[in-house]
């Protein structure tokens, strides 16, 4: 997946419209975009949408952001949503592998009650929304086979640490949040899951969004979250490998396949070693994901 678009879980109109956005995944939100008094209605609305769409051909991946574990609302979210067979749940304010394991157990029980295969529903964790979460980033590896991706968030983190802002226009994230971003990237690589870049909150500034996407792709992120459909085409374009990149990656993979057991191959006068092979394989995987 390249693009993941947040959609309020209490708006059938916005969810229906989001289906045509071109996003690889929709994140149906039961957390921040839903007022406390509207949580029950949002669960019903989101569940109805999922039941209607989950078996449709060519649909985007359908994910649901539940409420954080410390709110007391997560169990009700899971009971309403897991039975509809979404592709995954987004866990906000995650604080390490222990919170993923807690969610995993809750989901297993819900899947069993619904007659769904254990582990069918994936988990994506927003792992940097609290100061405590920063210090648990190394614990996601082996936390759960459900874990598919990690992403970082700046808005809640800025409130937690008392920062006046988390970014400077034209210059990107401020230093504390660049640290959080980098640590998240390392955590995802260590856990062997997708590294997903956070949202760009100014949905009207598509030039700055493009710059942010290109920087994220350069550093190793494979996808980015969006808050508005207008952001999706930019994200998809940047995170889709170019034809030249794909062709070069195929050449590298083919060279190693033709020379099994070697650590280095020569292509057009340049030497390529095993790290180049891993990068080539990742480019081809990203290219394949972009065709979904």
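Derivation of every value follows stated rules applied to the coordinates shown; laboratory data play no part. In this text the structure is predicted, and so the values were computed from the model without any measurement. Cβ placement follows ideal geometry from the backbone for every residue including glycine, while neighbour counts extend to all protein chains displayed.
Assorted remarks:
- With the convex hull drawn over the C-alpha atoms of the chain, the volume per residue is 151 Å³.
- Once the Cα atoms are used to define both axes, helix 206-219 deviates from the longest principal axis of the chain by about 60 degrees.
- Based on every Cα atom in the range 140-292, Rg and the maximum pairwise Cα distance Dmax equal 17.8, 56 Å.
- Calculated FRET efficiency, residue 132 to residue 75, Cβ-Cβ distance, R0 = 22 Å: about 0.50 to the nearest 0.05.
- Packing-based exposure ordering (other Cβ within 10 Å, fewest first) of 43, 278: 278, 43
- Between 0 and 90°, nearest 10: helix 175-191 axis offset from the chain longest Cα axis: 80 degrees
- Protection proxy ranking of 180-190, 238-248 - average other beta-carbon atoms within 10 Å, highest first: 180-190, 238-248
- On full extension, the segment bounded by residue 55 and residue 274 gains 74.8 nm, given 0.36 nm per residue less the C-alpha separation.
- Taking only alpha carbon atoms, the range 1-142 gives an Rg to Rh ratio of 0.95, where Rh is the Kirkwood radius.
- The chain: most fluctuating residue of 129, 212, 117 per GNM, C-alpha cutoff 10 Å: 117
- Rh by Kirkwood over Cα pairs, then Stokes-Einstein D for the range 243-289 at 1.306 mPa s and 10 °C, µm²/s: 149 µm²/s
- Pairwise FRET efficiency - residue 175 versus residue 17, Cβ, R0 = 35 Å, nearest 0.05: 0.40
- What the Cβ-Cβ distance of residue 281 and residue 120 gives, at R0 = 30 Å and to the nearest 0.05, is a FRET efficiency of 0.70.
- For the chain, built as a Gaussian network whose Cα springs stay under 10 Å, the top-fluctuating residue of 253, 64, 54: 253
- Taken over the range 196-278, the convex hull of the Cα atoms encloses 103 Å³ per residue.
- The distance between label points at residue 44 and residue 142 comes to 4.6 nm (points 7 Å beyond Cα on the Cα→Cβ vector).
- Reported to the nearest whole Å, the Cα centre-to-centre distance from the range 234-292 to the range 197-225 is 23.
- Listed peptides 105-112, 69-76 by packing density, highest first (mean Cβ within 10 Å): 105-112, 69-76
- For the chain, the longest principal axis of the alpha carbon atoms and the long axis of helix 39-53 meet at an angle near 50°.
- For the chain, a Gaussian network of Cα nodes joined below 10 Å ranks 116, 267, 235 by mean-square fluctuation, and the top entry is 267.
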